[in-house]
Amino acid sequence: MNKQSIYGLTLEQLTTWLLEYGHKRFRATQVWDWLYRKRITDFAEMLDVNKECMLLLADHFVIDTMEEHVKQESEDGTIKFLFRLKDGNLIETVLMRQKYGLSVCVTTQVGCNIGCSFCASGLLAKSRDLSSGEIVEQIMKVQQYLDTVNPEHKVSHVVVMGIGEPFDNFTNLLNFLTIIKDHKGLAIAGRGITVSTSGLADKIVEFADANMQVNLAVSLHAPNNELRTRIMKINRAIPIEKLMSAIDYYLEKSNRRITFEYILMKDVNDGREHALELAELIGHRRQLVNVNLIPYNPVDEHSQYQRSELESIRAFFDTLKKQDVSVSTRLEHGVDIDAACGQLRSKQIKKSKENSLTKDSMVAG
């Protein structure tokens, strides 16, 4: 039997499943508490759950579906985990220490098909979606690490900005959000969760209708179609006009602020004219939009792009401010440990292939 991750079930789904097997409703709450509050790693550790229920769960589910492959620690306290999945694939998860708490950046897909020309995540094409359990388990693995360091430390914020396009794995994303928000479990507040999309307009509309009460960020990176298409191929299928229409629906439906992520690349999209055009694009939405400026993390395979000069970043920031646009600059984390999303995974896969070729050549010789 190909067992699924127990972390992939919401409390409601777990309750329904146990009821179908003849167990009382309270059993689901007990199991949930052991999983997310006591954070056991073996069903046999659930001391107040009867043996029949434990064996039933062990027959159908697993708790661990990934193992730590590499862990990099930065001088600023950021930790990047590279996890190996049961099928051998590698994914990245990042723990960031913020002034407001401990934040975890999770991955939603193995690889990415969005094809942004500046991004390390897209160096390897998508091979599959992660299950909701595999996404949740990234949080659990980080929390279990924190438990060993300081039991008082808890994951308080989550950003869905790792490898992959979250809205291209929509159902599993919604399940994941429901699970980590549940007040009987991890109880991560909706205001502490941000989902980032490259701009899948139809899914933005669906997300608004789902009313998940979490934050939404859109990777914009350019203020016009010509430039955005050049650096983000998704803009060919979903031009800015269609994207902004979906954003308008989201703003009206949710009445929640939205963030435009804007990576600044030298002599590409960081000019004063770009800032003015961006302000014009935002237009009447100013009250519900914040622009988050992100200094570019260089990637060896995308050497045509360089980080904007500090003076250019400041000028871009000031230009937006003068246009009454809410703007911030992202604090950088883990610059000394393969900071760009997907960079560690790409390097490890490349190293593995090189080692394999070396072994093959030695055998052939």
Cβ contacts < 7 Å: first residue under 12 Å from residue 172 (Cβ atoms) and among the hydroxyl-bearing types (Ser, Thr, Tyr), restricted to region 4-15; second residue modelled with pLDDT under 95 and outside any helix (DSSP H, G or I), any location; separation 6+ or different chain. Result? none
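Conditions (1) among the hydrophobic types (A, V, I, L, M, F, W, C); (2) touching a strand residue (DSSP E or B) at 6+ places or on another chain (Cβ under 9 Å); (3) at pLDDT below 80; (4) open to solvent by 60 Å² or more (accessible area, probe 1.4 Å), marked per residue:
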residue	(1), (2), (3), (4)
267	no, no, no, yes
293	yes, yes, no, no
323	no, no, no, yes
343	no, yes, yes, no
Go through region 279-304 and give me each residue that's in contact with a Phe, Trp or Tyr (Cβ under 9 Å, 6 or more places away or on another chain) and over 16 Å from residue 220 (Cβ atoms). 298, 299, 302, 304
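Here is a list: 204, 179. Which entry is open to solvent by less than 40 Å² (accessible area, probe 1.4 Å), part of a helix (DSSP H, G or I) and over 26 Å from residue 79 (Cα atoms)? Give the derivation first.
Working: 179 fails: over 26 Å from residue 79 (Cα atoms).
Matching residue, one of 204, 179: 204.
Going residue by residue through region 159-168, is there one that turns out to be part of a strand (DSSP E or B), crowded, with 18+ Cβ neighbours inside 10 Å and hydrophobic (A, V, I, L, M, F, W, C)? Even if it seems obvious, please write down each step before you answer.
The first filter runs over region 159-168 and keeps only residues part of a strand (DSSP E or B), leaving 159-160.
Right, trim to crowded, with 18+ Cβ neighbours inside 10 Å and you get 159-160.
Right, trim to hydrophobic (A, V, I, L, M, F, W, C) and you get 159-160.
The answer is yes; a qualifying residue exists.
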Selection count, region 189-200, where residues are touching a residue at least 40 places away in the same chain (Cβ under 8 Å) and either surrounded by 21 or more Cβ atoms within 10 Å (Cβ to Cβ) or touching a Pro at 6+ places or on another chain (Cβ under 9 Å) (or both): 3
Looking only at region 139-157, decide whether some residue is in a helix (DSSP H, G or I), within 14 Å of the chain's Cα centre (by Cα) and over 26 Å from residue 62 (Cα atoms). no
Out of (1) at positive phi; (2) surrounded by 20 or more Cβ atoms within 10 Å (Cβ to Cβ), what's the single condition that is false for residue 18? (1)
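In region 229-249, is there at least one residue being of a type in the set (S, T, N, Q), open to solvent by 30 Å² or more (accessible area, probe 1.4 Å) and outside any helix (DSSP H, G or I)? Full working, then the answer.
Residues of region 229-249 of a type in the set (S, T, N, Q): 229, 235, 245.
Retained after the next criterion (residues that are open to solvent by 30 Å² or more (accessible area, probe 1.4 Å)): 229, 245.
Among the residues that remain, those that are also outside any helix (DSSP H, G or I) are: none.
So far as region 229-249 goes, no, none of its residues is of a type in the set (S, T, N, Q), open to solvent by 30 Å² or more (accessible area, probe 1.4 Å) and outside any helix (DSSP H, G or I).
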Given the criteria modelled with pLDDT of 95 or more and either open to solvent by less than 10 Å² (accessible area, probe 1.4 Å) or within 30 Å of residue 102 (Cβ to Cβ) (or both), does residue 215 qualify? yes
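Does residue 185 satisfy the condition of being under 23 Å from residue 72 (Cβ atoms), in contact with an Asp or Glu (Cβ under 9 Å, 6 or more places away or on another chain) and open to solvent by less than 40 Å² (accessible area, probe 1.4 Å)?
Numbers: under 23 Å from residue 72 (Cβ atoms): no; in contact with an Asp or Glu (Cβ under 9 Å, 6 or more places away or on another chain): yes; open to solvent by less than 40 Å² (accessible area, probe 1.4 Å): yes.
So residue 185 does not fit the description; no.
The values are calculated or read from the model by the stated rules, or taken from the named source; none is laboratory data. In this text, all values refer to a predicted model and were calculated from it rather than measured experimentally. Heads up, the Cβs are rebuilt from the backbone with ideal geometry, glycines too, and the neighbour counts pull from every protein chain shown. These accessible areas exclude ligands, DNA and RNA; they are computed on the full protein's heavy atoms, side chains included. Shrake-Rupley method; radii C 1.70, N 1.55, O 1.52, S 1.80 Å.
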